[in-house]
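Below is one structure, written out as structure tokens; comments come after it.
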Amino acid sequence: MIRIRDVVMRLSSGGRPLTILDGVTLDVAAGEVCAITGPSGSGKSTLLGLIAGLDRPSAGSIAVAGVEITGLDEDALARFRRETLGYVFQSYHLIPTLTAAENVAVPLEIVGAPDALSRARGLLGDVGLGERGHHYPVQLSGGEQQRVALARAVALDPGLLLADEPTGNLDSATGVQIIQLLLALNRRRGSTLVLVTHDEALASHADRVVKLHDGRILNGAA
Amino acid sequence: MSLAFSLRMAWRETRGAWRHFIVFFGCVALGVAALVSVGTFAANLDRTLGREARTRTGGDLELRSARPLDDDVRTALAELARGGAATTTVRELAAMARAPARGATLLVELKAVEGEYPLYGRVETVPAAPLDTLLADRDGAGGAVVEARLLERLGLAVGDPLVVGAARFTVTGVLVREPDRSMGLVTLGPRVLIGGPALERTGLLQVGSRVRYRTLARLPAGVTARVAGADLARSIGDPAVRIAAFDEAQPGLRRFFSQLATYLGLVGLASLLVGGVGIASSVTTFFRRQLVTIAILKCLGAGSRVLLVTYLIQILSLGLLGSLAGAALGVAAQPLLVRVLAPFAPFSKSSGMRGRSPVGSRSACSRRCSVRSGRSWPSAAFPRR
């Protein structure tokens, strides 16, 4: 599903070059649940962003579902994302001016799906928020917002689900609920799941754990 | 990916951030309102001036000179009359009027008219009576119709005697409206309207008298005023006689209103430009705040064209709505604009309002003393009541 080869990511910080990822090579098979762990600043979220095409590597190649994404332009990347993957952010990133149901409906409306809102309400029901569709994000708790984000991420039945610290802003009890929900949704759809976390307990649910340190993979590259 | 999505997102974003758009909406609406109100005001004035041009000129053609018309001109006018035109002569001069009982005097604008006057419009008087009747001689004294402020200044009433030059008159009515009075900035005094023969008896027509001779002509149907005027000018060949068609008379008035409209238009444009700063500021702030939403939408797979269309629809719709609201506001503000501008204009607003007697506005008239006129703004500039 994912094929990463010799990916290097360098940024400039205060005029000095900073290497975030240093020759990362990684394969993730279709249907696999892969956890990327590591300390803060190890490059976990950067790697996930590169897989989603949110950023471009300084060197190396990334192929997702057979598509080499490093050479795609912005619009092609947007099309790639809506056809291939769903993304869950640590801080939910719901659109504040839209209700919960409208937030979930956005990916469906972008592709022109019929009955987007009613399908969105169904997805909210799947995450236990069937009665909260008319609420705005500000009226929802952190856990509820993350459940809305999960419903939005799986709205188009993507083959790949990327989750960046999905429980990072939640208390431990709510975090457990969210991760169970994430794994259940992933199992039900049979999609590939790559999640970034520094929580060892959360990582233990994965089929494979990849450890990153200072931009290098310490184990579990393939 | 559809336009429907862009429309839906534009609506949702506006719905969610309407407070933010109040500034944007307000700037557009106020700027457009300023331009529309000035433009409408100017258009109304121009249309009214055009519509009332014949009445305000007093005829289709006006021949103006500082001395009596000579025989050549009279012959040319007689030729015009044979073709079906009606003509009349008006003589205007400044004179002293005296109230014989009190001995008080007042500088007045004397106007002597002949039987056909007025060729267009009508003279309104109190009491309402035919002008011939009011100006007719009685007991050896001519009839005089005067403006209300003359009565106030000289302590006279209708029926009292009035002396102008060597002739005696009786005040037979109050002049409410005189259709062809020119709109100058300064007048010398109140109007006194008398008959043509009575002017001869005043002894004011002497060598050196500053008399303005106006000959007015109403042309038969099918004769173009400008063409007839040009023909007349060619046959007369006297540069001392100024000939003007109704639509080219009183150029100063039109110029005044044109300049007023230009000035107000510039003020409106300046306000729109200042409003533009507000618009730019609110749009910039809005998009800065929207960057996260735009990033989320891109992450969810929205292409740049969809995002561009979404926000273009939002801004253009709000701009359009603001413009429509501004246009409505501009039209609705017409009465207010007239009310605000009236004190700065060289016209008496009150006397221009229909249904209100100038007798009732005497105090306002007298406050304006000699630098005023009893004339009105063009009626379309004011709501007709």
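Which of the residues that make up the range B:282-306 are in a helix (DSSP H, G or I) and under 18 Å from A:GLU102 (Cβ atoms)?
Once the filter is applied, which keeps residues that are in a helix (DSSP H, G or I) and under 18 Å from A:GLU102 (Cβ atoms), the range B:282-306 yields B:GLN290, B:VAL292, B:THR293, B:ILE294, B:ALA295, B:ILE296, B:LEU297, B:LYS298, B:CYS299, B:VAL306.
Output the qualifying pairs, or none if there are none: Cβ atoms under 6 angstrom, residues six or more apart or on different chains, first residue in the range B:1-28 and more than 23 Å from A:HIS135 (Cα to Cα) and more than 10 Å from every other protein chain (Cβ to nearest Cβ), second residue β-branched (Val, Ile, Thr) and part of a helix (DSSP H, G or I).
Short answer, once both residue conditions are applied: B:PHE24/B:ILE279; B:CYS27/B:ILE279.
Exactly one of (1) more than 30 Å from B:GLY330 (Cβ to Cβ); (2) buried (at least 17 other Cβ atoms within 10 Å of the Cβ) is unmet by B:PHE286. Its number?
(1)
Modelled with pLDDT of 90 or more, part of a helix (DSSP H, G or I), under 24 Å from A:GLY143 (Cβ atoms) and out of contact with any strand residue (DSSP E or B) (no Cβ under 7 Å at 6 or more places or on another chain): is that true of A:PRO107 in this structure?
In short, yes.
Contact list please: Cβ distance under 8 Å, first residue in the range A:3-32 and in contact (Cβ under 8 Å) with a residue 60 or more places away in the chain and among the small types (Gly, Ala, Ser), second residue surrounded by 15 or more Cβ atoms within 10 Å (Cβ to Cβ) and part of a strand (DSSP E or B), pairs at least six apart or on different chains.
Listed by first residue and then by second, the contacts come to A:GLY23/A:VAL7; A:GLY23/A:VAL8; A:GLY23/A:GLY60; A:GLY23/A:ARG216; A:ALA29/A:THR192; A:ALA30/A:THR192; A:GLY31/A:THR192.
Counting only residues that are of a type in the set (Phe, Trp, Tyr) and within 27 Å of A:LEU181 (Cα to Cα), give me the strands (runs of 3 or more DSSP E) lying completely in the range A:1-90 with at least 1 of them.
A:85-88
Restricting to the range B:88-101, and then to whatever is surrounded by fewer than 20 Cβ atoms within 10 Å (Cβ to Cβ) and β-branched (Val, Ile, Thr), can you tell me which residue is nearest to B:TYR120 (Cα to Cα)?
B:THR88
Could you tell me whether the range A:144-156 includes any residue that is within 13 Å of another protein chain (Cβ to nearest Cβ), farther than 25 Å from A:ILE51 by Cβ, assigned to a helix (DSSP H, G or I) and of a type outside the set (Phe, Trp, Tyr)?
no
Would you please name the residue that is nearest to B:VAL126 (Cα to Cα), looking only at residues in the range B:149-173 that are in a strand (DSSP E or B) and either β-branched (Val, Ile, Thr) or in contact with a His (Cβ under 9 Å, 6 or more places away or on another chain) (or both)?
B:THR172
For the list (1) over 30 Å from B:ARG15 (Cα atoms); (2) within 13 Å of another protein chain (Cβ to nearest Cβ); (3) out of contact with any helix residue (DSSP H, G or I) (no Cβ under 6 Å at 6 or more places or on another chain), I need the number of the one condition that A:SER45 fails.
(2)
Scan the range B:278-328 residue by residue and report those that are under 16 Å from B:ALA4 (Cβ atoms), away from chain A (no Cβ under 14 Å) and in contact with a helix residue (DSSP H, G or I) (Cβ under 8 Å, 6 or more places away or on another chain).
B:ILE313, B:SER317
B:LEU106: in a helix (DSSP H, G or I), over 17 Å from B:ALA198 (Cα atoms), in contact (Cβ under 8 Å) with a residue 12 or more places away in the chain and not basic (Lys, Arg), yes or no?
Considered against the rule, which asks whether it is in a helix (DSSP H, G or I), over 17 Å from B:ALA198 (Cα atoms), in contact (Cβ under 8 Å) with a residue 12 or more places away in the chain and not basic (Lys, Arg), B:LEU106 comes out as no.
Pairs please, first residue from the range B:278-301 and of a type in the set (Lys, Arg), second anywhere and in a helix (DSSP H, G or I), Cβ atoms under 9 Å, 6+ apart in sequence or on different chains.
Qualifying pairs under 9 Å: B:ARG289/B:HIS20; B:LYS298/A:GLU74; B:LYS298/A:LEU77; B:LYS298/A:ALA78; B:LYS298/A:ARG81; B:LYS298/B:SER304; B:LYS298/B:LEU307.
From the set of residues in the range A:127-138 that are surrounded by 18 or more Cβ atoms within 10 Å (Cβ to Cβ) and within 22 Å of the chain's Cα centre (by Cα), which is nearest to the other protein chains (Cβ to nearest Cβ)?
Step by step, filter the range A:127-138, then rank; the result is A:PRO137.
Scanning the range A:90-121 for residues that are within 11 Å of chain B (Cβ to nearest Cβ) and touching a residue at least 60 places away in the same chain (Cβ under 8 Å), which turns out surrounded by the most Cβ atoms within 10 Å (Cβ to Cβ)?
Filtering the range A:90-121 for residues that are within 11 Å of chain B (Cβ to nearest Cβ) and touching a residue at least 60 places away in the same chain (Cβ under 8 Å), the one surrounded by the most Cβ atoms within 10 Å (Cβ to Cβ) comes out as A:TYR92.
Within the range B:204-226, can one find any residue that is among the charged types (D, E, K, R), exposed (fewer than 13 other Cβ atoms within 10 Å of the Cβ) and closer than 30 Å to B:PHE21 by Cα?
No: the range B:204-226 contains no residue that is among the charged types (D, E, K, R), exposed (fewer than 13 other Cβ atoms within 10 Å of the Cβ) and closer than 30 Å to B:PHE21 by Cα.
Could you list, in sequence order, the residues of the range B:36-68 that are modelled with pLDDT under 85, aliphatic (A, V, I, L, M) and more than 19 Å from B:THR224 (Cα to Cα)?
B:VAL38, B:ALA42, B:ALA43, B:LEU45
Quick grid of which residues meet (1) surrounded by 15 or more Cβ atoms within 10 Å (Cβ to Cβ); (2) away from every other protein chain (no Cβ under 14 Å):
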site: A:ASP6; (1), (2): no, yes
site: A:LEU26; (1), (2): yes, yes
site: A:ILE51; (1), (2): yes, no
site: A:VAL88; (1), (2): yes, no
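Identify the single condition in (1) part of a helix (DSSP H, G or I); (2) in contact with a strand residue (DSSP E or B) (Cβ under 6 Å, 6 or more places away or on another chain); (3) not charged (D, E, K, R) that B:THR133 does not satisfy, given that it satisfies every other one.
Here B:THR133 meets the rest and fails (2).
The values are calculated or read from the model by the stated rules, or taken from the named source; none is laboratory data. The model shown is predicted, which means the values in this text are computed figures rather than measured ones. Glycine gets a Cβ as well: all are built from the backbone with ideal geometry, and neighbour counts include every protein chain shown.
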